[in-house]
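Reading through the structure tokens given below for one structure.
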């Protein structure tokens, strides 16, 4: 796919950019929390540049802020990051990137880019959605991570800006069009119940992973 095709305006491109905007803005929260937890501005920005998976980044910072050992912080981050390996298998099969694009695609394979891609039916739209969301989130996430890290405590509690709700709303917008039959609704309700039950029991980030496993198991049984 040429550069012109990647930037061409299309439903998938517009969806990807909308998701990127909602998610990227939430990088302010990570930047502020990173320096509050005791990381330097450079360390906080490096996590977004290199690790680039929000759930793992927040898990690492949360353990550090709570006084946990570095090995515990890295273990939590790695556990949450394993989902990206699962996404990578699906993205690789759909997009079949070659050469340098394969390395870039690996870095950009996150929740948002994968969700935007799989929500499309046309192969070209899948590619446009993946790259629009992936590149958009990467640029904005790093930009606003730096802003949040530099501003630090001056921002106050990032949740009061509603950025966490914006990211959740973006995912809901992707999910809603797929709920077109009773089977889809049934799986969604089961996964929602699993998440609600698991939230008080499991560490942050793991309930949604458990729900994903349940959804995959249901799909495997029905196939």
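The values are calculated or read from the model by the stated rules, or taken from the named source; none is laboratory data. This structure is a prediction, so every number in the text was calculated from the model and none was measured. Neighbour counts are summed over all protein chains in view; Cβ atoms, including those assigned to glycine, are modelled from backbone coordinates with ideal geometry.
Things to note:
- Enumeration of residues in the stretch 57-82 that are at pLDDT below 80, within 22 Å of residue 27 (Cβ to Cβ) and in contact with a helix residue (DSSP H, G or I) (Cβ under 6 Å, 6 or more places away or on another chain): 59, 63, 64, 73, 76, 77, 80, 81
- Near pairs, Cβ below 8 angstrom, 6+ apart or cross-chain, from the stretch 201-223 (more than 17 Å from residue 87 (Cβ to Cβ) and not assigned by TED's automatic domain parsing to the domain that holds residue 78) to any residue that is outside any helix (DSSP H, G or I) and modelled with pLDDT of 70 or more: 207/199
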